[in-house]
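Trainee: My questions will all concern the structure given below.
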């Protein structure tokens, strides 16, 4: 048994929760950030405890302050941030007022840290062995000891052929392997506390499962306390013993995992779990999305920071920040809400109609036909003996109007390249791609122009996909101008129509992209794609760059547009739960080939191919047949 | 690594070849008949014709170029028209002066540039940083023809501690030779020092912000170790490339320095050649200077490859 | 059936507030900083002085007189040169000539270089060819390139302008290309292509405005650089020729008289330094304000 299921098993049956001594004790920690001339509070009054042998998950979105909290434990805050209050104690010792040399002695020895992006966190000019030996020698190991231990550490974290690999450079390892190297450095001196800040965010799902498994195993074998920072509730559910939910710099709820998930006492926690699509529950018609977006750190609302988005907010929430209160019954499950004393009022999810398992067969003719497509990057050069290997190697697909086809796979499988070829950005090497009967290889100018209006793309990164120098109005009217779709007099009206289609107020037409939030920008990107009235929209990871609480809004938007306008959607995603929610048909891609294709309920319910099965097993949130979270 | 070296070598050779064609054709780019230009405006047709046949200017360009390259490759650099001597001899005569100057300037540039860069990046004193940055802006405005004159004015005319120029043999009178080197070397190195220093400082600051520094910090390394073991090696790259470019440009700067400080060297020879229309000599010197500049940049790139394993070893293993 | 009811609120809702207008005001803000103001001030003062100065003087720059190397005073505020010509008038004339040369050469180099650097977007092989040419030109030291030009064209104003253009054009070309390469992989460029915008539209309306700032900043730097190229060429005698005066040629001639008439060489030195420092401070201020956002 591999994957997060194993990690979950390792957690739940061997060690009781909250058993060991308290290794890390943070009380009322407050942090400020200096930007320009102002000091802004970024973390306010946060408390947490981690015991040995326990994994505490800190979950939050952008602006929640979770990373800064973690860095402050190691006194590694960036120069612009400073502690303005509270205490941080490691095994009873005051970390914040400790003299610098003592802190240096603790770092790497008693407390280890694992970061997010393994390539950037390793020195590219030093071998992996040198870097592991460094942490050992800094804390007293002799040269020989360090050399031997470095090799055995690589073995411990699962690097094959450690004797040879110890002399390789970071760029010679894959992403997952690099993260294992970082973990090796972090646990080299058997620390009592390990802090992991988004350790798997930059990694593929199957690789992620391996890393989480490793962390769980280390926790079990070494008894380390682990503080795990993440934005992904699924990971928390699978791996952690207790959880702290942060929002806008505040601790809004914490407690044992089961308690918090079964009986959330803060509306944010409940809404967050509700708005995340899941692999283990029936698919709903619409996700229950949280309106709005997480506040910018400069403009946090007074009182409870969540009140502007909270379905249960009342007057007091606007005026006063609720204190963290104890539940009358139950062990240390607390929430910062005026309503925390009682279970939250029931809020029937208005749109919770379940979707029938069998979503039916396509009714119309396919709008997109891909037959045996082969795509390759780069050209032959004089120095290459054979042509480069195809990135997409014989793929066939069909997409239908009014239906969504999901294309899933891990990084490097070719799904993005295929998407870019379908919209005409990358040429086909061989095979056929036909959209509404037309092909990109056509030489007729008029046909090409029509093709451009038939298929459009929504990009992953809302920050990059809009020209920063154009106001929203120009972004939306330019396609109308270039394709001469609408006479000049009608353009403004059409721009307003597009804005309302995606749920944005017309007043935003005058703004520039930098003035909009990520979710708003993504809506603009969708509106722009709709401007030419396409019949097929290819969405390349449309929500993965957005905050979790905003993702549901965009997912709902895409589904609504599909149903109202009869669009065909091709959604590329690595997040299986999003795909399961949105798509009727799914294709699974690996190394340039489609390994399995079919209706969603079959792929997710009864996967046939081994790769599909391993993807599902590795996805957070799918192992919960072992747990009951309702 | 071998592949990288060969690639760069090939590139350098190609550039040199192209440049040689351009240098060769300079004479023919000038308006007018090259033979007339060489003979002088008021020479009689007889002289012009003699010159034309003597120098082979009546043959097709490609043949002339081919001959020229052929001679070059066999070591025959030609003969100076106005001075009568073989060009090779002239070069050897004048070489030492220029070489001494170049080496002295390179040393100053490297040492002061790198040291100032490190200081700029690591000092916590805001005063020191501001001060260095103001001096840097000033130094950038002091190209050799400006700083040379100023240096001569103060050190040779007003305070009279150093000679205002001239030559001396390093072998026979080392002290005098070195004294005459000081001012020109400073003048040449001066504008390069702030550029190199700022480049290094910028790269170091960027390296400090890199994530692997956080990892080192998390391991318990102190500031000193982080600076020397982690930040420095990762920041030297662009500074070395810039050094390479600057040293390459010294071959041009030396020309100016030799004019101002009245030194006899390859630079003054080149100027003299152009002024006396001794084009064969001028072309050869130009080619030599450019070849030297290209060679230096090639060496700089090799150094970078040596330091950075990503280049040295190529992609994934 | 209604489309998504999750309308984002119209009022500031956590997205960034509306700051002061962007675009041109960033340039103005740059000029408001001490560095920018001083820089611009230096350049303007020198330009204006060289233009109106001559009207305040008794003698012109070419009028030879009986008093060779006269001391400052009387009719000649700075004294005279070896041919009895008024030094101050010659300094003004030299400054004007330098400014004229740089104001012709640098914009030509900037426009030609940038456009050639961007050609790669519309036609890759041609763009690549020009980059190779630029690489070769950049490998040659400026003085050497200048001297090469004087072999083809006689030493003089023309040759100096051509030399400056040849040295400066590749710098703009390479910069334009690297800015282009920085923008091309960004999604908004891909989006423009998917939306069917023609290539030239994308280059001119989308990419160019996003890289134009760097070009302006580089422009200030190269104005300073151009003065130094003229100076270097004139000082070895292959630049501006007698009887014309340029800052470089005056430094060259004056350096022989440092003992008797230091002002001869040192005043042009000061003008060069002030001009270059002014341009440099201006470009630093622009860099800070415009690129930092």
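Taken together, the values in this text are just the output of simple stated rules run on the coordinates, not laboratory data. It should be emphasised that the depicted structure is a prediction, and the values quoted were computed from it without experimental measurement. Heads up, the Cβs are rebuilt from the backbone with ideal geometry, glycines too, and the neighbour counts pull from every protein chain shown.
Trainee: Could you pull out which residues in region A:590-608 have an amide N less than 16 Å from a spot 7 Å beyond the Cα of residue A:280, following the Cα-Cβ vector?
Mentor: Residues passing the 16 Å test: A:605.
Trainee: Against the longest alpha carbon principal axis of chain B, how many degrees, from 0 to 90 and to the nearest 10, is the axis of helix B:61-73 turned?
Mentor: Rounded to the nearest ten degrees, it is 60.
Trainee: Let me ask something else about it. So what is the 222 nm mean residue ellipticity for the protein assembly as shown from helices alone, if each DSSP H run of at least 4 adds -39500 (n - 2.57) and you divide by all residues, rounding to the nearest 500 deg cm²/dmol?
Mentor: So the calculated ellipticity at 222 nm is -16500 deg cm²/dmol.
Trainee: Please list B:134-144, C:61-71 highest first by mean number of surrounding beta-carbon atoms within 10 Å per residue.
Mentor: The packing order, highest mean first, is B:134-144, C:61-71.
Trainee: Something else about it: Test of understanding: what is the full-extension gain from residue A:429 to residue A:263, defined as 0.36 nm times their sequence separation minus their Cα-Cα distance?
Mentor: 54.3 nm
Trainee: For the protein assembly as shown, what is the percent of antiparallel DSSP beta bridges, rounded to the nearest 5?
Mentor: 60 percent
Trainee: Fully extended, how many nm does the chain gain between residue C:75 and residue C:103 (0.36 nm per residue separation, minus their Cα-Cα distance)?
Mentor: Separation in residues times 0.36 nm, less the Cα-Cα distance, equals 6.9 nm.
Trainee: Compute the separation of the alpha-carbon centres of region B:216-286 and region C:183-208 and state it in Å as a whole number.
Mentor: Here the answer is 40 Å between Cα centres.
Trainee: I'd like the FRET efficiency for residue B:115 and residue B:158, computed as 1/(1 + (r/R0)^6) with the beta carbon distance as r and R0 of 41 Å, rounded to 0.05.
Mentor: 0.90
Trainee: Determine by what factor the alpha-carbon radius of gyration of region C:144-293 differs from 2.2 N^0.38 Å, reporting the quotient.
Mentor: Compactness ratio reported: 1.40.
Trainee: For residue A:354 and residue A:316, what is the calculated FRET efficiency with R₀ set at 45 Å and r taken between the beta-carbons, to the nearest 0.05?
Mentor: 0.80
Trainee: How big is D for region B:50-124, in µm² s⁻¹ as a whole number, if Stokes-Einstein is applied with the Kirkwood radius of its Cα pairs at 25 °C and 0.890 mPa s?
Mentor: D = 149 µm²/s.
Trainee: Another one. Could you order peptides A:366-377, B:279-290 by the average number of other Cβ atoms within 10 Å of their residues, highest first?
Mentor: So the peptides A:366-377, B:279-290, ranked by packing, come out B:279-290, A:366-377.
Trainee: Just want to confirm a number: the relative contact order over chain B, from Cα pairs under 8 angstrom separated by 6+ residues, in percent.
Mentor: 25 percent
Trainee: While we're on this one: Taking chain B as a Gaussian network, Cα atoms linked when under 10 Å apart, which of B:206, B:246, B:225 shows the biggest mean-square fluctuation?
Mentor: It is B:225.
Trainee: Per Stokes-Einstein, at 20 °C and 1.002 mPa s, what whole-number D in µm² s⁻¹ belongs to region A:81-195, with the Kirkwood radius over Cα pairs as the hydrodynamic radius?
Mentor: 143 µm²/s
Trainee: Right, another one. Can you list the residues of region C:269-291 with backbone N under 15 Å from a point 7 Å past the Cα of residue C:32, pointing along Cα to Cβ?
Mentor: Output list for this probe position: C:286, C:289-290.
Trainee: Residue by residue through B:148-157, how many Cβ atoms from other chains fall within 10 Å of the Cβ on average?
Mentor: Average neighbour count from other chains, rounded to a whole number: 4.
Trainee: Find how much the distance from residue B:169 to residue B:275 grows on full extension, using 0.36 nm per residue of separation minus their present alpha carbon separation; answer in nm with one decimal.
Mentor: Net length gain for the segment: 35.5 nm.
Trainee: What is region A:462-524's relative contact order, in percent, from Cα pairs under 8 angstrom and six or more apart in sequence?
Mentor: Computed over region A:462-524, the figure is 52 percent.
Trainee: Using r as the Cβ-Cβ distance of residue A:119 and residue B:129, and R0 as 45 Å, what FRET efficiency do you calculate, to the nearest 0.05?
Mentor: It comes out at approximately 0.90.
Trainee: Got a sec? How would B:212, B:112 order by Cβ neighbour count within 10 Å, fewest to most?
Mentor: Ordered by Cβ neighbours within 10 Å, fewest first: B:112, B:212.
Trainee: What's the average, rounded to a whole number, of partner chain beta-carbon atoms within 10 Å of each residue's beta-carbon in C:221-231?
Mentor: So the per-residue partner count for this stretch is 2.
Trainee: Related question: Taking every pair of distinct Cα atoms and averaging 1/r, then inverting, what Kirkwood hydrodynamic radius in Å comes out for the protein assembly as shown?
Mentor: With all distinct Cα pairs of the protein assembly as shown included, I get 35.0 Å.
Trainee: Calculate, axis by axis, the spread of Cα positions in chain B along the three principal axes, and write the results as whole Å, longest axis first.
Mentor: Result for chain B: principal-axis Cα extents of 85, 61, 38 Å.
Trainee: Still on this model: If one computes the Cα centroid of region B:82-161 and of region B:58-80, what distance in Å separates the two points?
Mentor: Rounded to whole Å, the Cα centres lie 37 Å apart.
Trainee: Output the 0 to 90 degree angle, nearest 10, between the alpha-carbon long axis of helix A:143-156 and the longest principal axis computed from the alpha carbons of chain A.
Mentor: 50 degrees
Trainee: Once you put a point 7 Å from the Cα of residue A:485 and another 7 Å from the Cα of residue C:274, both along the Cβ direction, what distance in nm separates them?
Mentor: Label-label distance for residue A:485 and residue C:274, simple model: 6.0 nm.
Trainee: Taking the Cα-to-Cβ direction at residue B:69 and at residue A:34 and moving 7 Å from each Cα, how far apart do the two end points lie in nm?
Mentor: Result for the modelled spin labels: 6.3 nm.
Trainee: Okay, moving on. Hey, can you rank A:20-29, C:101-110 by average C-beta count inside 10 Å, highest first?
Mentor: C:101-110, A:20-29
Trainee: How far is helix B:192-208 tilted off the main Cα axis of chain B, in degrees rounded to 10, range 0 to 90?
Mentor: Its long axis makes an angle of about 40 degrees.
Trainee: Evaluate the Debye formula for chain A with equal point scatterers sitting on the alpha carbons, no solvent, and hand back log10 of I(q)/I(0) at q = 0.08, 0.10 Å⁻¹, in q order, two decimals.
Mentor: -0.64, -1.00
Trainee: Under a point spin-label approximation (7 Å from Cα along Cα-to-Cβ), what is the residue B:76-residue A:510 distance to one decimal in nm?
Mentor: Simple spin-label model gives 8.1 nm for this pair.
Trainee: If you average the C-alpha positions of region C:115-136 and of region C:239-273 separately, how far apart do those two centres end up, in angstrom?
Mentor: Measuring centre to centre over Cα atoms gives 40 Å.
Trainee: Please compute, for peptide A:585-598, the average count of beta-carbon atoms on other protein chains lying within 10 Å of each residue's beta-carbon.
Mentor: Other-chain Cβ atoms within 10 Å of each residue's Cβ, averaged: 0.
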